[in-house]
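Reading through the structure tokens given below for one structure.
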Amino acid sequence: MKQALFIDRDGTILVEPEDEQIDSFEKFQFVPGVIRNLNFIRTKLDFEFVMVSNQDGLGTDSYPEADFWPTHNLMLNTLKSEGVEFDDMLIDRSFPEDNLPTRKPGTGMMGKYMTGEYDLANSYVIGDRQTDKQLAINLGCKYLILGDNVQSWDEITEILFAGERKASVRRTTKETDIDIRLDLDGTGKCDINTGLGFFDHMLEQIGKHGSIDLYIHVNGDLNVDEHHTIEDTGIALGECINKALGDKRGIERYGYTLPMDDCLCQVALDFGGRAWLVWDAEFKREKVGDMPTEMFLHFFKSFSDAARMNLNIKAEGDNEHHKIEGIFKALARSIKMAVKRDIYKFQLPSSKGVL
């Protein structure tokens, strides 16, 4: 079945001016990175390109067609010169108050794409507004919305070419029930509840400083003690990251350090497939918050084993809170560095040919 990219124009291909009308050459400007990335998508993937755009009142006195087509044709000719052509263009000319079914997010213009000939579930709407997102929902498509779930055309292209890196793990034993979901290419949104406030705070550092969307909910036997909750969360989180990485093609693979006040925390890691932990950090307090310090080592050992990663941790300093928080932040930055993906060098980062 065919797949399509339903691409908005203003704000997505062309920078949208304040008056929302690209009716002169002075207002004509491409969104950064759009030409290079559209060319990459067009030459490397098998999507049809369909432009879907609302142009309020096009053809009226307030926005004459004569003002629209010169800049529109300049856009099309420029893209064509770079190997980018659209297979179809759907332009609705009504005003919002007309409330016509042809106007996004309505699907009135999309009839030919809803007959079963197209694989809409694996097609995308690419835009910059919530109406584009709603159009995707109405069509049954996926969506990539600039400024929402993606931040650039580089990110759009990476997802289309190499896939999303989302994963979920549900781990249920007699001691714990753990639900973890993550997006390695997220923005740091976190929803974490393990029943241990300080542990939640540390896990949030991984999401915030690693730009990972992280959902972790744990129901553990805290009436016994903290051990099972912390250990099993480390196992499930490691499994989830390993699952999201997939075949690891194109990733940087390695990550490296940050100071935090009096502390210097160094975390080096390798997603090479061989689990190992080196731990060089001592804690004098029995607990930090409600988390036993003896469990820090245990968490990272469980995490590194399940993620199949080599993890080397060293921390120096006097403030115990700063020391462990610095370790978690350094871990997050190391993960962010190591999972960075380059679709232009989409190879396994290994001389062995496998990770």
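Numbers below:
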read-out: Residue ID - surrounded by the most Cβ atoms within 10 Å (Cβ to Cβ), chosen from residues in the range 198-232 that are among the aliphatic types (A, V, I, L, M) and in a loop (DSSP other than H, G, I, E, B); value: Ile212
read-out: Residue satisfying condition, being assigned by TED's automatic domain parsing to the domain that holds Val52, among the small types (Gly, Ala, Ser) and closer than 22 Å to Asp46 by Cα, within set Ser123, Ser94; value: Ser123
read-out: Candidates Met51, Met109 - the one that is assigned to a loop (DSSP other than H, G, I, E, B) and either in the same structural domain as Leu135 (by TED's automatic domain parsing) or closer than 25 Å to Lys142 by Cβ (or both); value: Met109
read-out: Those residues of the range 130-153 which are at pLDDT below 95 and charged (D, E, K, R), in sequence order; value: Asp148
read-out: Among (1) outside any helix (DSSP H, G or I); (2) under 25 Å from Ser152 (Cβ atoms); (3) in contact with a helix residue (DSSP H, G or I) (Cβ under 8 Å, 6 or more places away or on another chain) - the single one Met89 does not satisfy; value: (3)
read-out: Considering residues of the range 299-311 that are in contact with a helix residue (DSSP H, G or I) (Cβ under 6 Å, 6 or more places away or on another chain) and not small (Gly, Ala, Ser) only, the residue nearest to Ile180 (Cα to Cα); value: Phe303
read-out: Residue selected from the range 80-104 under the condition at pLDDT 95 or above and under 27 Å from the mean Cα position of the chain (by Cα), by the criterion farthest from Arg36 (Cα to Cα); value: Phe86
read-out: Pair list, Cβ < 8 Å and 6+ apart or interchain, from the range 169-183 residues that are polar (S, T, N, Q) to residues that are surrounded by fewer than 18 Cβ atoms within 10 Å (Cβ to Cβ) and assigned to a strand (DSSP E or B); value: Thr176/Asn219
read-out: Some residue of the range 150-162 being within 20 Å of Arg9 (Cα to Cα) and either touching a His at 6+ places or on another chain (Cβ under 9 Å) or in a loop (DSSP other than H, G, I, E, B) (or both); value: yes
read-out: Failed item in (1) in a helix (DSSP H, G or I); (2) more than 31 Å from the chain's Cα centre (by Cα); (3) exposed (fewer than 13 other Cβ atoms within 10 Å of the Cβ), with Asp67 passing the rest; value: (3)
read-out: Residue in the range 133-146 that is of a type outside the set (S, T, N, Q), more than 30 Å from Arg42 (Cβ to Cβ) and under 13 Å from the mean Cα position of the chain (by Cα) present; value: no
read-out: Single match in Phe328, Phe283 (criterion: more than 28 Å from Gln347 (Cβ to Cβ) and in contact with an Asp or Glu (Cβ under 7 Å, 6 or more places away or on another chain)); value: Phe283
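The values are calculated or read from the model by the stated rules, or taken from the named source; none is laboratory data. Predicted, not measured: the structure shown is a model, and the values here were computed from it. When we count neighbours, we look across all protein chains shown, and the Cβ atoms used for this are built from the backbone with ideal geometry, even at glycine.
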